[in-house]
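First the structure, in the form of structure tokens, and then the observations on it.
The values are calculated or read from the model by the stated rules, or taken from the named source; none is laboratory data. Bear in mind that the values here come from a model prediction, so they are computed numbers and not experimental data. Cβ placement follows ideal geometry from the backbone for every residue including glycine, while neighbour counts extend to all protein chains displayed.
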Amino acid sequence: MTFKSCLKAKRIKKAKEFLKDDTLIIKQLSYAIGYKSIPTFCHYSKEITGLTPSEHQKSYKKRVSRKIGNFNKKIVNFNKTILLTKK
């Protein structure tokens, strides 16, 4: 692995961590991790991870909302169990 490819991979890995915050603007993130060109950042992200930065944000948002939905279902089931055992 060349230095350049290693640097690209590290930058994209760091970007994925920041993309969990869906309020973050991709343009700002691109500059923050060292890319002055947004298309270049998107290209490298797609090349390394298979997803563009916006696709990462969307997929993380879906995972979080699924986890929240599952958690809410567990709470409802727990409450039903408590109500049934009180009778």
Point to revise | Single match in K36, K80, K20 (criterion: outside any helix (DSSP H, G or I), modelled with pLDDT under 90 and surrounded by fewer than 14 Cβ atoms within 10 Å (Cβ to Cβ)) | key: K20
Practice item. Only residues in the range 1-25 that are more than 16 Å from T40 (Cβ to Cβ) count as the first member; pair them with residues that are at pLDDT 90 or above and surrounded by 10 or more Cβ atoms within 10 Å (Cβ to Cβ), Cβ under 6 angstrom, at least 6 apart or cross-chain, and list the lot. Key: F18/L29; L19/P53
Exercise for review: Working only within the range 32-64, note down all residues that are closer than 11 Å to R11 by Cα and not hydrophobic (A, V, I, L, M, F, W, C).
Suggested key: G34, Y35, Y44, S45
